[in-house]
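Taking it in order: structure first as structure tokens, then the write-up.
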Amino acid sequence: MRIAFFDSGIGGLSVLEEALSRRPEVEFLYYADTDHVPYGQKSRAALIDYAGSAVSFLLAAGADAVVVACNTATAAAIDFLREQFSAPIFGMEPAVKPALAETAGRRVLVLATPLTLREQKLHHLLDAVDPAHCADLLPLPGLVAFAERREFDGPAVQDYLQQALAPFTLANYGAVVLGCTHFNYFKDSLAALLPAGIQFVDGCRGTINHVFHTLGLSAGDAGVGTVHYFQSGRAVTDPVQLDDYHILLARLSWLRHL
Ligand code: DGL
């Protein structure tokens with residue numbers, strides 16, 4: 001079986017890393033839409049167009065199922081993709097429900113891109129799971145740009161985060177939802193600014209549980225974790241770029257347990 005992961009850039013590697021950690025007997029395709037990153041500040045119509053091209057490329061490349069490893073593309077385009085293609089298409093949304101469940105009445109800060117935060121999908125979810133209005137929303141598009149430059153810490157990242165978090169009384173929060181797959185790279189930078197005890201909640205594990213369950217896959221020791229990488233429809237063969245992906249996966253594996 002071949003499972004494809006699709007994101008605007010390197011964010012979706014956090015979902016791929018969760019799948020790889022289970023060592024299933026599966027071949028993976030990873031598609032980064034590097035020609036169009038960032039997605040979070042684009043229009044819904046543009047994202048429907050980009051996501052349609054990516055999924056049609058991946059299915060033509062032999063994918064049996066596609067994971068839209070991007071909250072923004074899911075918010076904008078998942079309904080269109082499911083109407084357009086008959087293969088299983090999995091999406092991601094900010095993990096607000098588990099975050100609220102784990103924090104017992106304390107506030108939850110949802111970090112995502114501007115598009116995810118303004119789309120109806122998230123507001124329908126909040127109406128359903130947050131009747132007490134415990135969730136606050138914070139767009140952090142700058143983190144996508146930092147991630148694509150492989151700048152995960154340092155003074156510029158710290159200044160950006162400090163300014164963005166300044167309006168919130170962080171002591172009132174029990175959890176931070178990483179509602180953009182690019183934000184997983186910043187867990188250590190965020191942890192340095194948040195009071196001890198705030199939990200990070202992301203959708204990686206839940207998404208992969210759902211994908212594995214639906215496709216009847218089980219974790220095992222047999223899988224060798226073959227991944228074929230593509231950037232906006234072009235196969236990545238440059239060893240330097242492949243090495244970059246391996247280094248990013250290693251960082252994500254290290255951060256997974258923070
Ligand atoms: N990684 C994407 C997400 O999960 C979006 C990043 C972007 O703005 O391109 O929302």
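Any read-out appearing in this document is the output of simple, stated calculations on the displayed coordinates, not a laboratory observation. Please read these numbers as outputs of a predicted model, since none were measured by experiment. FYI the Cβ positions are ideal-geometry reconstructions off the backbone, even for glycines, and counts take in every protein chain you see.
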Sole miss for Phe57 among (1) near the ligand (Cβ under 10 Å from one of its atoms); (2) surrounded by fewer than 24 Cβ atoms within 10 Å (Cβ to Cβ) is condition (1)
May I ask you to list the residues in the stretch 1-28 that are surrounded by 24 or more Cβ atoms within 10 Å (Cβ to Cβ) and closer than 18 Å to Gln241 by Cα?
Phe5, Phe6, Asp7, Ser8, Ile10, Gly11, Gly12, Leu13, Ser14, Leu16
Working only within the stretch 211-247, note down all residues that are of a type outside the set (A, V, I, L, M), within 21 Å of Ala51 (Cα to Cα) and surrounded by 15 or more Cβ atoms within 10 Å (Cβ to Cβ).
His228, Tyr229, Phe230, Gln231, Ser232, Gly233
Between Leu140, Leu161, which is under 23 Å from Ser14 (Cα atoms), in contact (Cβ under 8 Å) with a residue 24 or more places away in the chain and either more than 16 Å from the ligand (Cβ to nearest atom) or surrounded by fewer than 18 Cβ atoms within 10 Å (Cβ to Cβ) (or both)?
Leu161
How many residues are within 16 Å of the ligand (Cβ to nearest atom) and under 21 Å from Ala222 (Cβ atoms) if we restrict to the stretch 1-14?
2
Identify the residue in the stretch 164-184 that is more than 10 Å from the ligand (Cβ to nearest atom) and part of a strand (DSSP E or B) and, among all such residues, is surrounded by the most Cβ atoms within 10 Å (Cβ to Cβ).
Val177
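Being under 21 Å from Glu25 (Cβ atoms) and surrounded by fewer than 19 Cβ atoms within 10 Å (Cβ to Cβ) is the filter; apply it to the stretch 60-74 and report the residue that is nearest to the ligand (Cβ to nearest atom).
To start, the set of residues in the stretch 60-74 that are under 21 Å from Glu25 (Cβ atoms) comprises 61-67, 69.
When the remaining residues are screened for being surrounded by fewer than 19 Cβ atoms within 10 Å (Cβ to Cβ), the result is 61-62, 64.
Details: Ala61: 21, Gly62: 24, Asp64: 23 Å.
Ranking the qualifying residues of the stretch 60-74, first place goes to Ala61.
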